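Here's the structure, in structure tokens; my notes come after.
Read the figures in this text as sums done on the coordinates, not as results from a lab. Please read these numbers as outputs of a predicted model, since none were measured by experiment. Here the Cβ positions follow ideal geometry from the backbone for every residue, glycine too, while neighbour counts run over all protein chains shown.
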Amino acid sequence: MLKIKELLARHGKSQRWLARETGINVSTINSMVNGQRTYLNVKEEEKIAEALGVNPKELYYQGRNQS
């Protein structure tokens, strides 16, 4: 499960901002944020992690606690 929504909130950034920074379509970002899409390809993972200044592993919930 992706935690992009939480990371955007923590950084005070919007989905549109992330789309502009990464070149990923805003509708794709929206699908990730709303849980309709639960995976990233390698390029998306790299771009999003770089834009948010996090390790790619931080884009995912770890273990059982996925709140």
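Compared with the rule-of-thumb size 2.2 N^0.38 Å for a compact globular protein, the chain has a Cα radius of gyration ratio of 0.99. For the chain, the mean residue ellipticity at 222 nm estimated from helices alone is -14500 deg cm²/dmol, where every DSSP H run of n ≥ 4 contributes -39500 (n - 2.57) and the total is divided by all residues, rounded to the nearest 500.
The modelled label-to-label distance between E46 and S14, using points 7 Å beyond Cα along the C-beta direction, is 2.9 nm.
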